[in-house]
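These notes concern the structure reproduced below.
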Amino acid sequence: MLSIAIDGPVGAGKSTVADEVARRLGILHLDTGAMYRAVGLAVTEAGIDPADEAAVTALCLEGKARVDVRYENGGQITLVNGQDVTCRIRSQEAGTAASMVSRYPEVRRMLVRRQRELAQEKPMLLDGRDIGPVVLPNASLKVYLTASPEARATRRLNQLAEKGETADFATILAEVNARDHQDMTRAVDPLRQAEDAVLVDSSEMDFEETVAAILRLAEAANG
Ligand code: DC
């Protein structure tokens with residue numbers, strides 16, 4: 001079964017690149033970050049502080065933060081306790097809660113198990129932080145998609161400008177570096193490149209070039 005793992009730091013364009021690569025290959029894309037966001041949302045909606053590991057763990061063990069995904073017209077719908085939360089998980093609050101709850105072993109155990117089940121059912125491309133090293137150690141292809149902190153900060157600045165927001169480059173760069181540090185030094189499943197992952201550095205590539213580079217790797221891996 002074809003399975004593709006794409007990991008990398010924040011702002012490397014993983015989600016959009018992953019979406020397009022999967023679409024062109026005619027396979028499904030599982031955005032695993034959405035699943036951590038869904039747990040974050042379930043936790044805050046239950047009135048639990050995401051910093052309270054014992055309470056978050058208990059909620060998961062009680063089956064009250066059940067995350068699932070389904071697909072409509074090839075697009076991922078993310079559910080928590082049967083409710084569609086696809087739009088609501090994009091909030092800043094859900095993102096912040098996700099980054100806290102993603103540090104807890106019970107949350108990771110629960111989501112990794114579901115991600116593996118999904119990848120066994122159909123050919124899939126998964127993107128996240130731990131896909132190659134942990135979720136799919138036997139993936140057909142593992143990509144570590146990155147770009148220099150400066151390139152990622154510039155892209156973020158451009159995204160904000162498109163929304164009519166202005167920001168200071170030095171501030172954005174500091175945020176990118178802080179997120180990298182947090183993701184790479186956390187105790188459980190830190191972000192790292194799997195030994196057998198192919199490094200794709202998109203600092204000097206545009207979106208189309210990045211998609212094309214990964215498609216070439218996928219075609220080679222698929223024989
Ligand atoms: O990629 P994102 O911003 O949607 O991810 C949300 C949070 O979940 C982020 O803090 C990193 C975490 N995450 C993770 O720990 N493991 C994954 N496989 C995917 C995301």
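The values are calculated or read from the model by the stated rules, or taken from the named source; none is laboratory data. If you're wondering where the values come from, they're calculated on a predicted model, not measured in any experiment. Cβ sites come from the backbone with ideal geometry, for glycine too, and all protein chains shown count toward neighbours.
Just a few scattered comments:
- Considering (1) over 21 Å from I27 (Cβ atoms); (2) crowded, with 17+ Cβ neighbours inside 10 Å, the lone condition that A174 does not fulfil carries the number (2).
- For the condition modelled with pLDDT of 90 or more and within 27 Å of R109 (Cα to Cα), D196 qualifies.
- For the stretch 18-48, taking the residues that are crowded, with 24+ Cβ neighbours inside 10 Å and under 18 Å from A147 (Cβ atoms), the one that is farthest from the ligand (Cβ to nearest atom) is identified as V21.
- Per the listing L79, L59, L41, L136, the residue uniquely of a type outside the set (D, E, K, R) and under 28 Å from V200 (Cβ atoms) is L136.
- Scanning the stretch 13-30 turns up at least one residue that is modelled with pLDDT under 95, under 15 Å from the mean Cα position of the chain (by Cα) and assigned to a loop (DSSP other than H, G, I, E, B).
- Selected residue [within 14 Å of the ligand (Cβ to nearest atom), farther than 19 Å from A18 by Cα and of a type in the set (A, V, I, L, M, F, W, C)] from A170, A187: A187
- In the stretch 100-116, the condition of being within 21 Å of A218 (Cα to Cα), over 13 Å from the mean Cα position of the chain (by Cα) and within 13 Å of the ligand (Cβ to nearest atom) is met by at least one residue.
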